[in-house]
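K.L.:
Here it is, the structure, as structure tokens.
The values are calculated or read from the model by the stated rules, or taken from the named source; none is laboratory data. Bear in mind the structure is a predicted one, so any value in this text is a computation, not a measurement. Here Cβ is always computed from backbone atoms with ideal geometry, including for glycine, and neighbour counts include all displayed protein chains. For accessibility, only protein heavy atoms count, side chains too; no ligands or nucleic acids. Shrake-Rupley method; radii C 1.70, N 1.55, O 1.52, S 1.80 Å.
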Amino acid sequence: ACFEKAVSFLSPGIRSVLLQLDEPVQRETYEIRLRAEQPVVLFGKAGSALLQCDGTLSKDRIDTALYCSAEQLSDTFHRLCNYSVHTHIRAMTQGFVSTAGGDRVGVAGTAVCDETGNIVSVRDITSLNVRVARDIKGCADGLRKLFRPDQPPQSVLIAGAPSSGKTTLLRDLARSLSSFGSGCSYKTVVLDPRCELFPKNSRPGVNCDVFSAYPNRLAVPMAVRTFSPQLVVCDEVATAEEAAAIETGVNTGVRFLASIHAGSKKELLDRPLFRLLLEQCGFETVVLLRGAEVPGEIAGVFSRKE
């Protein structure tokens with residue numbers, strides 16, 4: 001179902017071939033790359049592979065691969081934007097567009113910049129990367145021991161490489177910690193700037209409120225001031241400005257679940273942003289994910305001291 005949802009907006013000729021893939025292959029596909037006048041490439045557990053015209057995969061058969069024409073790429077892009085490109089310009093300037101179902105699609109083309117060098121639009125789209133979002137209920141069960149119903153929540157930082165399952169893990173943990181049936185019912189606010197954690201028509205926890213498409217740096221003080229949360233979930237902290245907003249929230253007694261890009265413990269320790277989050281934002285625990293080959297799998301759980 002996740003795969004079918006992710007390919008639902010693709011140009012019909014490409015979508016029909018993708019849907020011929022065996023179910024196990026669909027289940028283990030994490031990304032679908034479309035490039036103008038180039039073969040369609042899938043990335044999954046076994047790495048990158050070429051989509052064949054007969055609905056199979058190959059590591060080297062370019063001669064029988066399914067190509068994406070410029071017309072099909074343009075058709076897919078307009079379908080992705082629901083034929084209203086201008087409403088997605090802000091997201092495109094950050095390199096992506098999110099579908100209504102919560103799948104993030106990377107967008108590459110030619111940037112249009114203003115006099116100060118800021119990207120204001122993107123034209124001549126040449127590549128799309130469809131990331132297959134999966135809602136895996138129960139994937140965060142191993143982290144539930146960090147939270148006790150009779151105690152306030154603690155702040156936890158989830159670190160991992162791109163496509164390692166940070167968003168999937170955060171989603172499941174946020175839902176679990178704000179659902180009365182799970183033993184925890186923390187007043188939880190989810191900050192979802194890319195509309196991926198809880199897209200439209202998805203179900204967060206009963207005691208959870210979602211700020212969709214708000215920039216984190218603005219949403220943190222807004223959420224703290226107006227919803228008095230015990231726990232704020234913040235996906236992909238990337239700037240010192242966002243860290244400063246989290247620090248302000250922590251100083252009011254709020255705890256945070258957040259994620260950060262880092263492919264290894266060494267890479268994490270080398271990042272100034274991580275040191276800022278650890279030293280000034282009070283994260284007690286860091287969870288490191290294994291990588292894109294095994295999304296959502298935990299490599300280690302470390303205390304602040306460790």
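K.L.:
Conditions: (1) at pLDDT 90 or above; (2) under 30 Å from Cys281 (Cα atoms). Cys139 meets all but one. Number of the miss?
P.N.:
Going through (1) at pLDDT 90 or above; (2) under 30 Å from Cys281 (Cα atoms) one by one, Cys139 breaks only (1).
K.L.:
Have a look at Val237, Val190 and point out the one that is outside any helix (DSSP H, G or I) and either in contact with a Phe, Trp or Tyr (Cβ under 8 Å, 6 or more places away or on another chain) or open to solvent by 60 Å² or more (accessible area, probe 1.4 Å) (or both).
P.N.:
Criteria check complete, one pass: Val190.
K.L.:
Filter the stretch 21-36 down to the residues that are in a strand (DSSP E or B) and aliphatic (A, V, I, L, M) and list them by number.
P.N.:
Initial filter on the stretch 21-36 (in a strand (DSSP E or B)): 29-35.
Matches in the stretch 21-36: Ile32, Leu34.
K.L.:
When the stretch 37-94 is examined, which residues are found to be closer than 18 Å to Ser16 by Cβ, assigned to a loop (DSSP other than H, G, I, E, B) and either of a type in the set (Gly, Ala, Ser) or open to solvent by 30 Å² or more (accessible area, probe 1.4 Å) (or both)?
P.N.:
The answer is Cys53, Asp54, Gly55, Thr56, Thr64, Ser69.
K.L.:
Report the residue count in the stretch 198-222 for those that are assigned to a helix (DSSP H, G or I) and over 20 Å from Leu169 (Cα atoms).
P.N.:
Selection size over the stretch 198-222: 6.
K.L.:
When the residues of the stretch 85-126 are filtered to those that are among the charged types (D, E, K, R) and within 20 Å of Phe198 (Cβ to Cβ), which remaining residue is modelled with the lowest pLDDT?
P.N.:
Among those that are among the charged types (D, E, K, R) and within 20 Å of Phe198 (Cβ to Cβ), it is Asp103.
K.L.:
What number of residues in the stretch 12-26 are open to solvent by less than 20 Å² (accessible area, probe 1.4 Å) and more than 23 Å from the chain's Cα centre (by Cα)?
P.N.:
Here the count works out to 3.
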